[in-house]
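The values are calculated or read from the model by the stated rules, or taken from the named source; none is laboratory data. Please read all numbers here as calculations on a predicted model, not as lab measurements. Note that we place each Cβ from the backbone using ideal geometry, even for glycine, and neighbour counts take in every protein chain shown. We work out accessible area using only protein heavy atoms, side chains counted, and drop any ligands, DNA or RNA first. Shrake-Rupley method; radii C 1.70, N 1.55, O 1.52, S 1.80 Å.
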Amino acid sequence: MRDALRLRGVTRRFGPVTALDQVDFALAPGEIHGLLGENGAGKTTLARVAAGILQPDAGQVVIGGEPLGARGVGGARALGVAMVHQHFSLVPRFTGLENVALFDSAAWTRRGTGSPGYRERVEARAEELGLEVQLDVQVGGLGVVERQRVEILKALMGETRVLLLDEPTAVLAPQEVEGLFAVLRQVARAGAGIVLVAHKLDEVLAVADRVTVLRRGRWVLTGEAAGVSARELAEAIVGAGVDGGGGGVGGGDAGGPGTVGGGGEDAPKVGAAGAEQAPEPRPGDDVEVARLRAVTVSTGGPIPLRGVSMEVRRGEILGIAGVGGNGQRTLAAVLAGMLPPDSGEVQLPEEVGWIPLDRTEEGLVNEFTISENVALAVHGSDDYRRGPWLDWAGVAETAAALVRDMDVRADSSATQAGVLSGGNQQKVVTGREFLRSGELLVAESPTRGLDVKATVAVRARIAALARSGKRPPGVVLISSDLDEILELSDRIAVMVRGRLIPVPREDHNPTAIGELMLSARGDGDP
Amino acid sequence: MSTRTRALTPALTAAAALLATLAVAAALLALGGYPPGDAFAALFRGAFGTWDRFVSFTLVRATPLLLTGLAVALAFKARVWNIGAEGQLHAGALAAVAVAVALPGAPGFLVIPATLLAAAAAGALWASAPAAMKTGMGVGEVITTLLMNFVALFMAQFLVQGPLRESRGVFNQTDEIPPAAHLPDLVPGTRLHLGFLIGILIAIALWLYLTRTPGGFRLRAVGASPQAAEVSGRFRAQPVVWLAFLASGAIAGLAGGVQVAGVTHRMYEGLSPGWGYTAIAVALLARLNPLAVVVTAIVFGALSAGGGAMQRDAGVPEVWVRGIEALVILAVLTVDRSWQALASRGSRG
């Protein structure tokens, strides 16, 4: 049988980042094909290349036997490819019917008036698909489930050979997911091939015929959904450390047995720091710098926290793994002292360093110099004031020291932050936040979007901060990159749907943690 | 792409924008059948031809532009798009007249500060409504400040036709303020008054505030990136927005008070030919730098002073000057963008 969609050796780069690296992919007509991988594995890029939104740098996209070439979105649509984006592409002020008609040439006559009987055809199609769609309500007033139905109906109005869905379940509650899957099965029965991009294993296994796993832009495996276990998939998704974990950043198992952490336990730690940190006993290691007890946040943060307890000690790195969007941001804001919890007990140092997720929007002011960015942290301190004036000479001195200590590649501390490379920007943020607090440092995906070399450098800086000096800070490392967590952390916990699940030391391996990350285990607790 | 060349660009941009404006204006004048050389020469003579033309006309007309330009620059620096300097100026002028008229016997050292403070307070009050709408409800200040201008203009119209109309009841204007409330002359023998010096002092103070103090640093941070200010600066952006809004309104209100106390000595319809709007061009051409605003305000003051001479000596209608002012804004924006495009191309290549 001819493939509904085939990708041959597709490579796609974004600047220095290779999002897809010679990926082959085949989709049979009538099958539901789950596409799995971590954040940044290349799933969405693959879908967008298949939809003609992105041009591949190398390789070929073939739809129903016909090469797509450079025909772009229009060409892909003409060949029967439809895509439902993670962020809906609907006009809020239009009704469902108007949204469906907007990009459907069949809705319009040659003279630009509404095609007679179009509404009936839309209703018939919706019924055929088993989609309950509100056609006469402004989309902006609909709930997310209804909006998704409009989006799907819109995608399926024409002749559809390939349906691409990017994380369609991310916005749905579990009971709503089943409804979506019923629709997908219906569409597949009608002969269309479906690519379902997702990162929740159990959901994909429930509906998919086959699954493909990508990791760091590379194809890892394709198999029958019935023939692979969730454990195997989890291992494939996060990488069990056999392939060197992505270009020399350091596999999960790298690093020798360190003796970091309190209590002098002799259990070997996974990936403790680098080899350059000689293990040395430090007085006051086990001094607690922060403690959360049953912290709950249901308002103010984007995703609630549910009964989170943790403590952080000096000189340790507490790794918090998890798929993005499970409450990590809320936790970071609470730890930074920026978000008071609804209930629970919070003990924090007076100042907390926070390396925020979004380096360029939140971590730095791009048009400010390095000095001025350092001043963001110190401008309120009496040490940097002379009467009513800000002591810019003092700030510049501190910034110059930071540039030196953090090995920032910049002409001087008067260089604009915006012209620095991502890695150097992150070093500035890291150094500044350490300046702000020698007690507690919260790092939120500190190497996201950095190339391999910069990743190594930033991780080394964070490890060095936590493990050197007489009074090292406690570090909370929040990351969806499991390699990073395993490489740097002394203790590990996993964040799932607003809950924090500690990982016992013997489970400090990609498989066990990966399974926790991708499970819904956080839900069972009372 | 050293930091040195970047530091030079604001002055270069402004110069390039002015040159571009002159070129386009020359072309348009030629198209309109006016010899551009004669027109520009007349304009220049009118603005700078004699000491008295410069001081009594150019600088006097630059004064309200200087103050409103500073008001706009301060607000824009904090990413507060205050388009309402015109309305705030009117509010300030009304308050100044009301206070000065209410204190007929008071000595100058009392009545002048009282007048100017009332003007500043009224300007801030006028700005507080859009500020509250922005910070409390997220209503965009571009619309609200702009609409508040019309409210202020109509209110001024109503007051000078009714409650505050002169006791003679002839013209739609207020009574003259008592002589003690007149601003003293700055340069003897000219019409330049203390208001110009006040403008210069405020420019210096704002410059010091923005570049040398923690509070000014916060304001710049909020203007550059409110998210970064909150997350990395750990302070709330909203109080900073309030401060910038109110201070901007106060300075614009002061412009109205200074004009009344220094030049017109009374309030009437059409007090301002749109200084509050020209102020946006003044501030943008100065790249929001308060010290540069002094220079750009004088440039626009010269345009205004030279416009009359251009009409008289070269027969070019004065409205052309308004067109030139508008061209300056377009030129600043265009030159800025093309510079950025060039710079990014250069840094990539």
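Observations on the model:
- Couplings 3J(HN,Hα) of region A:75-88, computed from phi: x, 5, 4, 4, 7, x, 9, 10, 10, 10, 7, 4, 9, 4 Hz, in residue order, whole Hz [Karplus 6.51 cos²θ - 1.76 cosθ + 1.60, θ = phi - 60°; x for Gly and Pro].
- Environment charge at A:Asn326 (Cβ cut-off 10 Å; Lys +1, Arg +1, Asp -1, Glu -1): +3
- Debye-sum result for region A:360-436 in log10 I(q)/I(0), which assumes one identical scatterer on each alpha carbon, at q = 0.16 Å⁻¹: -0.49
- Inverse mean reciprocal Cα-Cα distance (Kirkwood Rh) of region B:1-101, Å: 17.3
- Dimensionless Rg ratio for the protein assembly as shown, taking C-alpha atoms and the 2.2 N^0.38 Å reference: 1.15
- For chain A, averaging the sequence separation of C-alpha pairs within contact (under 8 Å, six or more residues apart) and dividing by the residue count gives a relative contact order of 15 percent.
- In order through region A:332-342: 3J(HN,Hα) via Karplus (6.51 cos²θ - 1.76 cosθ + 1.60), integer Hz, x for Gly, Pro: 4, 5, 5, 5, 6, x, 9, 9, x, x, 5
- Over 20 Å between alpha carbons, listed pairs A:Lys43/A:Lys200; A:Lys427/B:Lys77; A:Lys43/A:Lys154: A:Lys427/B:Lys77; A:Lys43/A:Lys154
- Interface area, chains A and B: about 2100 Å² of buried accessible surface, summed, with a 1.4 Å probe and ligands, DNA and RNA left out.
- For region A:326-366, the solvent-accessible area works out to 38 Å² per residue, with a probe of 1.4 Å and every protein chain left in place.
- With 5 Å bins from 0: P(r) over region A:90-158, alpha-carbon pairs, percent: 3, 19, 31, 25, 15, 5, 1
- Contact order normalised by residue count of region A:90-158, Cα under 8 Å, 6+ apart, percent: 48
- Average partner coverage of A:347-354, which counts Cβ from other chains inside 10 Å: 1
- Distance between modelled label sites at A:Arg2 and B:Leu208, nm, 7 Å Cα→Cβ extension: 8.0
- Heavy-atom accessible surface of chain A: percent carbon and sulfur, 1.4 Å: 50
- Average Cα contact separation per residue, chain B, under 8 Å, 6 or more apart, as relative contact order %: 35
- Averaged over its residues, region A:90-158 has an accessible area of 56 Å² per residue, based on protein heavy atoms and a 1.4 Å probe.
- For A:Arg313, nonlocal amide neighbours, meaning residues 5 or more places apart or on other chains whose placed amide H falls under 5 Å from its own, are A:Val289.
- Scaled to the globular estimate 2.2 N^0.38 Å, the Cα spread of chain B, given as radius of gyration, is 1.02.
- Probe 1.4 Å, all protein chains present, accessible-area order of A:Ile355, A:Ile53, largest first: A:Ile53, A:Ile355
- In sequence order, region B:202-216 has phi-based couplings of 5, 4, 5, 4, 5, 4, 4, 4, 5, 9, 10, 10, x, x, x Hz under the Karplus curve 6.51 cos²θ - 1.76 cosθ + 1.60, θ = phi - 60°, and Gly or Pro positions carry x.
- Counting heavy atoms of the protein chains alone, A:Thr511 has an accessible area of about 20 Å² for a 1.4 Å probe.
- Theoretical FRET efficiency, 1/(1+(r/R0)^6), r = Cβ-Cβ of B:Val319 and B:Leu147, R0 35 Å, to 0.05: 0.85
- Protection proxy ranking of A:78-91, A:453-466 - average other beta-carbon atoms within 10 Å, highest first: A:453-466, A:78-91
- Dipole moment magnitude, nearest 20 debye, region A:360-436 about Cα centre, only Lys, Arg, Asp, Glu C-beta charged: 100
- Of the GluC sites (Glu not before Pro) found in region A:348-450, the ones in coil according to DSSP and having at most 11 other Cβ atoms within 10 Å of their Cβ are A:Glu350.
- All C-alpha to C-alpha distances of region A:445-523, sorted into 5 Å bins beginning at zero, yield P(r) values of 3, 14, 24, 22, 18, 13, 5, 1, 0 percent in whole numbers.
- Amide H contacts under 5 Å for B:Gln173, placed H, 5+ residues apart: B:Glu166
- Cα pair distances in region B:201-308, grouped into 5 Å bins until the bin that holds the longest one, percent each: 2, 10, 16, 22, 18, 13, 9, 6, 3, 1, 0
- Pairwise FRET efficiency - A:Lys453 versus A:Arg189, Cβ, R0 = 51 Å, nearest 0.05: 0.55
- Amide H contacts of A:Phe368 (H built 1.01 Å from N, under 5 Å, at least 5 apart or other chain): A:Ala417, A:Gly418
- Other protein chain C-beta atoms within 10 Å of residue C-beta, averaged over A:411-420: 2.
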